[in-house]
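Okay, structure first, notes after.
Derivation of every value follows stated rules applied to the coordinates shown; laboratory data play no part. None of these values were measured; they are calculated from a predicted model. Positions of Cβ are backbone-derived with ideal geometry, glycine not excepted, and every protein chain shown enters the neighbour counts.
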């Protein structure tokens with residue numbers, strides 16, 4: 001069973017936390033992580049792209065010139081895909097890009113993503129973040145104290161003071177424990193979990 005230090009916002013050790021091996025020491029299978037990340041990104045696509053086929057274009061009902069005798073190629077419509085201003089052949093049409101990934105596979109992928117951060121020693125467990133008011137400068141000082149770069153911070157519950165203080169920092173994202181997902185964990189090289197959030201995630205993913 002892995003054990004991590006619990007630090008305060010000044011980066012001083014205040015305790016330890018034991019991490020369940022079935023959540024934080026799972027064998028990593030890249031193909032499963034790839035599948036779940038593709039599913040997440042596909043679900044975000046609006047799929048509203050559209051082009052007009054010949055049936056959707058207005059006009060073009062009259063033959064532009066007679067079939068024979070002009071020396072020009074045969075033409076039946078000014079809305080032909082060969083003509084400027086005409087229709088589009090095999091163009092994109094509105095569609096839904098989502099595809100199903102089984103719940104057990106999604107859960108396993110999240111365990112793998114968390115395990116990769118622990119294995120790389122890129123996961124920090126923080127006792128709490130105490131902010132007296134919404135202030136980006138105060139939060140940025142905490143980030144510097146912890147020596148963090150591009151970081152995902154996981155809180156147990158929604159915290160408006162924390163979220164508002166962090167939102168203007170381009171390399172930091174705050175997320176609630178119940179919204180933790182594979183894509184965000186892999187996108188941010190460093191992971192910070194508040195102690196309460198780490199315990200909550202561990203219980204849900206066991």
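Suppose we keep just the DSSP beta bridges with both residues in the chain; what percent of those would be antiparallel, to 5? Walk me through the numbers before you get to the answer.
Numbers: 6 of 21 bridges.
Antiparallel bridges make up about 30 percent of those DSSP assigns within the chain.
Rounding to the nearest 10 and keeping the result within 0 to 90°, find how far the Cα-based axis of helix 136-146 lies from the longest principal axis of the chain.
The answer is roughly 70 degrees.
For the range 47-96, what does the alpha-carbon gyration tensor say about shape, rounded, prolate or oblate, given a ≥ b ≥ c as the root eigenvalues, a/c under 1.5 as rounded, and a/b over b/c as prolate?
Numbers: a/c = 4.45, a/b = 2.96, b/c = 1.50.
Prolate.
Quick check on the chain: helices-only [θ] at 222 nm, where DSSP H runs of length 4 and up contribute -39,500 (n - 2.57) each and the sum goes over total residues. Nearest 500, please.
The per-residue figure over the chain is -10000 deg cm²/dmol.
Can you sort 112, 56, 123 so the residue with the fewest Cβ neighbours within 10 Å comes first?
Working: 112 20, 56 11, 123 23.
In order of increasing Cβ crowding within 10 Å: 56, 112, 123.
For volume of the Cα convex hull per residue in Å³, which listed value, (1) 125; (2) 110; (3) 183, comes from the coordinates shown?
(3)
Extending each Cα 7 Å along its Cβ direction at residue 22 and residue 196, get the distance between those two points in nm, one decimal.
2.6 nm
With angles folded into 0 to 90 degrees, how steeply does helix 30-44 sit against the dominant principal axis of the chain? Use alpha carbons for both and round to 10.
Between the helix axis and the principal axis of the chain, the angle is about 60 degrees.
With everything on Cα atoms, drop me the angle between helix 103-119 and the longest principal axis of the chain, reported from 0 to 90° to the nearest 10.
Once rounded, one gets 50 degrees.
How far apart, in nm, are two points set 7 Å out from the Cα along the Cα-to-Cβ line at residue 130 and at residue 12?
It works out to 1.1 nm between the two label points.
Would you look at the GNM of the chain, springs on alpha carbons closer than 10 Å, and say which of 189, 64, 92 moves the most?
Its mean-square fluctuation being the largest, the pick is 64.
Could you put 97, 188 in order, starting from the residue whose Cβ has the fewest other Cβ atoms within 10 Å?
Numbers: 97 13, 188 21.
Ascending number of Cβ neighbours within 10 Å: 97, 188.
Identify which of 45, 62, 117 has the largest mean-square fluctuation in a Gaussian network model of the chain, with springs joining Cα atoms closer than 10 Å.
62
For 82, 194, what's the fewest-to-most ordering of other Cβ within 10 Å of each Cβ?
Numbers: 82 10, 194 22.
Exposure proxy ranking, most exposed first: 82, 194.
Please check: in the Gaussian network model of the chain (C-alpha springs, under 10 Å), which one of 140, 73, 87 has the largest mean-square fluctuation.
73
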